[in-house]
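Asks: Pasting in a structure now, in structure tokens, and then I'll have a few things to ask.
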Amino acid sequence: MMKLLQYTFSVLLIGLSCQSVQAHRLDATETSIKLNPRTQHIEVIHKFYLHDVNHLVQQHFASNPDADKANKNEAFVEYILSSVDLKVGSLTQSLTKELAFIGAEEDGKFFYIYQEAYPESYDELQLIQLDLSEMQNSWKPSHWLFSVEIQPNDAKSFVLNKAEYKYQLEL
Amino acid sequence: MGQLMFRLAFLFCVFFSGIAHSAIKQTKGDFEDKFRQLDEVLPTPNDYRNAAGEPGRDYWQQQVDYKIDVKLDESKRILTAKQKVTYHNNSPYRLKYLWLQLEQNKFKQDSIASLSSDFGGIGRRGPATIGPTSETPAQISFGALRAQQWLDDHDIGYEISNVRDVNDEPLDYVINSAQMRIDLAEPLEPGQSVVFKLDYKYQLLEENAVSARAGYEHFPDDERKGGNDIFLVAQWFPRLAAYSDYEAWHNKEFLGRGEFTLEFGDYDVSITVPADHIVASTGVLANEDEVLTQKQKERLKKAEKTKRPVFVVTAEEALENERSGTSKQKTWNFKAENVRDFAWASSRKFMWDAKGYHQDSKEMPLVMAMSFYPKEGGDLWKKYSTESVIHTMEVYERFTFDYPYPTSISVNGPVGGMEYPMITFNGPRTTWHEDGTRTYTQAEKRFLIGVVIHEVGHIYFPMIVNSDERQWTWMDEGLNSFLDGVAGREWDPNIPWGVEARDIVSYMKSDVQVPIMTQSDSVLNLGPNAYTKPAVALNILREVILGRELFDFAFKEYATRWKYKRPTPSDFFRTMEEASGVDLDWFWRGWFYSTDHVDISVDKVYKLRLDTKNPDVEFDLLRQEEADKPVSLFVERERAAGNETWVKRNKDVSDFYDEHDRFTVTNKERNEYEQMLADLKPWERQALKRAIKEDKNYYVIQFSNIGGLVMPILLQLTYTNGDKEMLHIPAEIWRRSPRMVNKLIITDKELEQVVVDPKWETADVDTENNHYPRRIIPSRIEAFKAEKSQEKVRRDIMHDIKTEPKEPETKPYKK
């Protein structure tokens with residue numbers, strides 16, 4: 001008799017809002033992770049549609065009436081910084097390269113958030129780990145494209161759709 | 001990289017089996033013909049659709065007319081209908097059976113869509129689910145759970161009965177998932193028509209629960225006991241599947257992503273709803289005396305000639321309406337001619353505004369633009385919905401044809417954006433605040449204007465230019481996104497719906513993509529693939545490759561050729577090429593049939609010098625060249641040390657060669673030169689003489705194509721005197737050498753710099769290699785840091801704040 005592997009039925013409830021058919025809402029984000037050959041810094045640039053940011057900021061203030069409205073996009077930046085867990089590191093050692101926050105700005109129809117990491121050698125550029133689990137109970141773009149270019153002319157990319165939260169990429 | 005190449009190769013195998021199995025193969029070397037003509041990929045032209053991409057001399061399409069009596073049971077949210085269909089067989093073939101699409105059955109548990117749903121899979125529509133991994137269990141969202149429970153609690157799908165022929169004799173039929181085959185009593189001969197009838201009913205879907213493209217939305221907080229609903233009714237009747245010259249019956253079942261394609265026909269639909277409902281619908285209201293008040297009719301008449309929309313049902317009247325209720329019923333009768341589908345909406349919550357749009361058209365001089373929306377739409381809708389409808393028609397008619405229907409409607413409901421003939425569903429709303437006011441953000445305003453333009457644009461593509469959405473999403477979404485980008489930018493250039501080349505760069509560089517020419521249900525990332533990339537491609541075709549004059553003529557030719565007809569991708573490709581008079585096979589092959597991206601690099605610039613052969617000139621130049629070489633380190637250090645050479649120390653010992661260097665010209669060389677001139681043919685001598693006289697600069701610029709997609713090289717030349725010049729090198733330069741090419745530039749001026757695509761018009765993914773000499777282009781972060789370094793935000797306030805207050809030092813001052 002075939003032995004069946006027994007798994008505990010473990011269906012977690014996650015509170016993603018159910019979006020109706022909004023084929024024409026943008027709801028897409030791009031993140032580029034590149035090694036700047038001049039500075040030897042890892043530069044991480046998150047590019048959001050301002051349209052999406054405005055929607056979320058509006059919802060945030062609707063549900064947090066006491067929030068400080070002076071810096072309305074800060075709430076969004078804080079949300080992204082606290083929920084996007086992106087690490088760069090080596091295959092054998094722990095992933096210690098946390099990202100430093102550089103700044104954020106609006107430009108045209110986009111909203112950018114900038115981060116950097118400061119690797120000391122190529123040994124620290126072997127692996128990228130991404131964990132967006134913190135976003136399970138709130139907004140996450142339906143289509144999130146990550147472009148990674150650490151070695152010159154060796155671009156890699158992956159997409160996390162709305163139900164995908166973790167990704168690991170060997171460089 | 002190896003992995004990437006493997007994946008691309010794999011995709012080519014899957015999607016281009018026609019190419020892969022081509023009898024013509026390159027089996028020596030690695031030459032790839034980027035300009036290979038598409039004839040062997042496109043279907044063979046015939047008398048139904050010809051080689052020019054237009055309907056052929058024997059073009060035909062079926063016609064299906066419907067007469068439907070439908071009743072809405074508001075409390076149970078059930079539709080019950082009786083339908084009479086007249087099917088006109090215009091094909092040259094005999095039909096023994098008819099296929100119908102039953103899209104409501106898509107939501108049944110035994111449909112292909114339900115059974116084939118990949119839990120947590122890529123590109124699913126509807127609420128989120130997450131597949132299990134080795135580390136985490138599967139996860140399901142509240143939304144997905146709600147959808148599952150809603151579907152469990154309701155009896156979904158069609159209940160079909162009484163399928164009979166014109167003599168009331170029962171007809172045999174088979175229902176297979178979301179399709180139905182009716183077997184005709186007698187085969188339907190070419191040119192003949194057949195009538196059949198059927199009854200059906202089905203449970204309307206709660207749109208917010210199941211993420212359909214239509215359904216009802218409940219408003220529990222309205223004052224009326226039990227609240228109110230908005231009903232958006234679409235894909236609501238068993239619809240005849242398309243039957244075409246190129247695919248016969250279109251039996252691709254509805255899986256949720258690939259939308260619809262139907263036959264044109266005339267509709268006579270009677271809709272019975274609660275008497276206090278307002279109904280918006282495809283078609284023209286044929287019994288307004290029975291359903292509208294005198295005041296409403298007068299307002300509608302007034303709306304025909306007005307600067308701004310006129311309310312047929314005001315906000316106050318709608319609010320009063322939604323507070324009450326009635327047990328009475330009214331039947332609204334709508335008639336529509338030559339439409340490929342029929343949709344409607346009904347609610348007692350609707351206010352209704354209208355404005356006549358007058359166009360210079362014999363076919364339809366007056367179009368009534370109208371909007372229907374609840375108080376939740378509020379001022380946003382009052383100001384911008386109907387105006388956006390009219391703006392769309394004004395822009396689109398320049399690129400296509402006059403809007404041919406009598407009405408164009410925008411309805412607010414639970415659907416974010418969806419299109420049908422003459423009627424569109426659009427989702428943006430205002431936000432309610434505790435003080436009872438309603439406001440909206442700038443983002444919501446842009447969303448409303450953008451989505452109305454987009455959905456009304458769909459009335460042209462694909463509701464009139466009837467492409468097959470189920471097969472090719474890009475044919476309507478791509479063309480429409482291109483045009484809504486034009487209309488959006490004409491409304492306000494800041495509106496975020498533009499389709500600039502830079503918007504698609506990251507996606508085109510990524511490896512999670514499929515060619516545009518991919519069936520709708522198989523596309524991995526529908527937004528960038530079927531909307532943005534084709535829209536950007538057309539934008540580039542218009543602005544960079546063909547120019548507006550050639551492009552606009554060809555695009556309009558496509559639209560008018562296929563108005564009320566059924567085009568395929570090849571008809572679009574062929575028409576654009578044939579009407580513009582430009583070979584575009586390379587463009588379709590690169591942008592639509594491949595996943596290549598644009599990355600053209602300028603690698604080197606060589607400066608050439610004309611060899612005059614004249615020893616008096618050339619020897620002197622060689623002497624100068626030698627003198628210009630850097631001095632050797634040995635010599636430099638000897639000089640620095642003050643060491644004199646033997647020659648200098650012994651000047652009394654010298655000879656002929658101390659006076660004549662090795663570049664000294666003798667008559668031996670001069671005689672050889674004169675003899676060479678004498679041996680030249682007259683035209684050779686003339687050419688050399690002129691070249692010497694003109695004394696131009698010769699530059700050879702070397703380019704490599706890293707991305708693979710061949711494109712024109714837009715070259716900016718900057719000269720040392722400050723002059724700038726643009727050179728448009730056609731894509732054909734790559735035809736025999738798709739990876740590396742050289743271009744000769746002959747000029748009077750000295751070249752200082754060359755830049756490829758300086759205005760970012762071609763979607764080039766790497767702009768750093770577009771400069772020669774290479775220029776350091778700061779990354780966004782570097783530019784941001786440089787800009788921000790002057791700002792107060794850069795102060796170390798955490799440190800500075802600890803500074804103790806200090807009295808200023810004062811100096812005694814005397815006058």
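The values are calculated or read from the model by the stated rules, or taken from the named source; none is laboratory data. None of these values were measured; they are calculated from a predicted model. For neighbour counting, all protein chains shown are included, and Cβ atoms are generated from backbone atoms with ideal geometry for every residue, glycine included.
Asks: Would a scan of the range B:687-700 turn up a residue that is within 15 Å of B:Tyr772 (Cα to Cα) and either out of contact with any Pro (no Cβ under 6 Å at 6 or more places or on another chain) or among the charged types (D, E, K, R) (or both)?
Replies: Within the range B:687-700, one or more residues are within 15 Å of B:Tyr772 (Cα to Cα) and either out of contact with any Pro (no Cβ under 6 Å at 6 or more places or on another chain) or among the charged types (D, E, K, R) (or both).
Asks: When you look at B:Ala691, is it modelled with pLDDT under 95 and of a type in the set (Gly, Ala, Ser), yes or no?
Replies: Yes; evaluated as a whole, the condition is true for this residue.
Asks: Right, next: Does B:Gly157 satisfy being under 17 Å from B:Gly215 (Cα atoms) and assigned to a loop (DSSP other than H, G, I, E, B)?
Replies: Considered against the rule, which asks whether it is under 17 Å from B:Gly215 (Cα atoms) and assigned to a loop (DSSP other than H, G, I, E, B), B:Gly157 comes out as yes.
Asks: Do we find that B:Ile516 is buried (at least 21 other Cβ atoms within 10 Å of the Cβ), at pLDDT 85 or above, under 13 Å from the mean Cα position of the chain (by Cα) and not in a helix (DSSP H, G or I) in this structure?
Replies: yes
Asks: Identify the single condition in (1) surrounded by 16 or more Cβ atoms within 10 Å (Cβ to Cβ); (2) in a loop (DSSP other than H, G, I, E, B); (3) of a type outside the set (D, E, K, R) that B:Thr326 does not satisfy, given that it satisfies every other one.
Replies: For B:Thr326, the exception is condition (1).
Asks: Based on what the data block shows, is B:Asp603 outside any helix (DSSP H, G or I) and closer than 30 Å to B:Arg502 by Cβ?
Replies: Taking the combined requirement at face value, the residue satisfies it.
Asks: Every residue in the range B:464-499 that is among the acidic types (Asp, Glu) and closer than 23 Å to B:Ala559 by Cα, please.
Replies: Scanning the range B:464-499 gives B:Asp468, B:Glu469, B:Asp476, B:Glu477, B:Asp484, B:Glu490.
Asks: Could you list all residues from the range B:499-513 that are under 23 Å from B:Gly488 (Cα atoms), of a type in the set (A, V, I, L, M) and touching a helix residue (DSSP H, G or I) at 6+ places or on another chain (Cβ under 8 Å)?
Replies: Selection gives B:Val499, B:Ala501, B:Ile504.
Asks: On the phi > 0 side of the Ramachandran plot, surrounded by fewer than 20 Cβ atoms within 10 Å (Cβ to Cβ) and touching a strand residue (DSSP E or B) at 6+ places or on another chain (Cβ under 8 Å) - does that describe any residue in the range B:703-721?
Replies: So far as the range B:703-721 goes, yes, one or more of its residues are on the phi > 0 side of the Ramachandran plot, surrounded by fewer than 20 Cβ atoms within 10 Å (Cβ to Cβ) and touching a strand residue (DSSP E or B) at 6+ places or on another chain (Cβ under 8 Å).
Asks: Only one of B:Asp484, B:Asp503, B:Asp511 is at the interface with another protein chain (Cβ under 10 Å from one of its Cβ atoms) and touching a Leu at 6+ places or on another chain (Cβ under 7 Å); which?
Replies: Within the list B:Asp484, B:Asp503, B:Asp511, the selection yields B:Asp511.
Asks: Just name the residue that is nearest to B:Glu159 (Cα to Cα) out of those in the range B:215-255 that are basic (Lys, Arg) and part of a loop (DSSP other than H, G, I, E, B).
Replies: So the residue we want is B:Lys252.
Asks: While we're here: Quick check on this structure: which one of B:Met676, B:Met740 is over 30 Å from B:Trp588 (Cβ atoms) and of a type in the set (A, V, I, L, M, F, W, C)?
Replies: Result of the check over B:Met676, B:Met740: B:Met676.
Asks: Under the condition of being polar (S, T, N, Q) and either in a loop (DSSP other than H, G, I, E, B) or within 15 Å of B:Arg446 (Cα to Cα) (or both), which residue from the range B:482-511 is modelled with the highest pLDDT?
Replies: So the residue we want is B:Ser510.
Asks: Could you tell me which numbered condition B:Lys106 fails, if it satisfies all but one of (1) within 14 Å of chain A (Cβ to nearest Cβ); (2) modelled with pLDDT under 85; (3) touching a Leu at 6+ places or on another chain (Cβ under 9 Å)?
Replies: (2)
Asks: Can you name every residue in the range B:293-318 that is assigned to a loop (DSSP other than H, G, I, E, B) and buried (at least 17 other Cβ atoms within 10 Å of the Cβ)?
Replies: B:Pro309
Asks: A further question on this structure: I'd like the residue in the range A:142-163 that is buried (at least 19 other Cβ atoms within 10 Å of the Cβ), in a loop (DSSP other than H, G, I, E, B) and not basic (Lys, Arg) and, out of all such residues, is nearest to the other protein chains (Cβ to nearest Cβ).
Replies: The selected residue is A:Ala163.
So that you can scan it fast, the table gives a plain yes or no per residue for (1) among the polar types (S, T, N, Q); (2) more than 9 Å from chain A (Cβ to nearest Cβ); (3) within 17 Å of B:Leu380 (Cα to Cα); (4) not in a helix (DSSP H, G or I):
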residue	(1), (2), (3), (4)
B:Pro428	no, yes, yes, yes
B:Ala443	no, no, yes, no
B:Phe447	no, no, yes, no
B:Gly450	no, no, yes, no
B:Val456	no, yes, no, no
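Asks: Let me ask something else about it. Quick check on my filter: what residues within the range B:525-535 are within 14 Å of chain A (Cβ to nearest Cβ) and of a type outside the set (Phe, Trp, Tyr)?
Replies: Residues satisfying the conditions are B:Asn525, B:Leu526, B:Gly527, B:Pro528, B:Asn529, B:Ala530, B:Thr532, B:Lys533, B:Ala535.
Asks: Would it be correct to say that A:Asn36 is facing chain B (nearest Cβ under 7 Å), at pLDDT 80 or above and more than 21 Å from A:Gly108 (Cα to Cα)?
Replies: The answer is yes for A:Asn36.
Asks: Follow-up. Specify the residue that is farthest from B:Phe551 (Cα to Cα); the eligible residues are those in the range B:583-634 that are modelled with pLDDT under 95 and of a type in the set (Gly, Ala, Ser).
Replies: In this case the residue turns out to be B:Ser632.
Asks: Taking the conditions exactly as written (more than 14 Å from every other protein chain (Cβ to nearest Cβ) and modelled with pLDDT of 95 or more), does B:Arg224 satisfy them or not?
Replies: no
Asks: If the requirement is being at pLDDT 90 or above and crowded, with 18+ Cβ neighbours inside 10 Å, which of these qualifies: B:Ala579, B:Ala640?
Replies: B:Ala579
Asks: Would you point out which residue out of B:Arg662, B:Arg670 is within 20 Å of B:Leu621 (Cα to Cα) and surrounded by fewer than 10 Cβ atoms within 10 Å (Cβ to Cβ)?
Replies: B:Arg662
Asks: Among the candidates A:Val44, A:Val53, A:Val57, A:Val84, single out the residue that is more than 12 Å from every other protein chain (Cβ to nearest Cβ), modelled with pLDDT of 70 or more and surrounded by 15 or more Cβ atoms within 10 Å (Cβ to Cβ).
Replies: A:Val84
Asks: Going through the range B:41-75 one residue at a time, which ones are in contact (Cβ under 8 Å) with a residue 24 or more places away in the chain, of a type in the set (D, E, K, R) and either under 21 Å from B:Ser570 (Cβ atoms) or assigned to a loop (DSSP other than H, G, I, E, B) (or both)?
Replies: Selection gives B:Arg49, B:Glu54, B:Asp58, B:Glu74.
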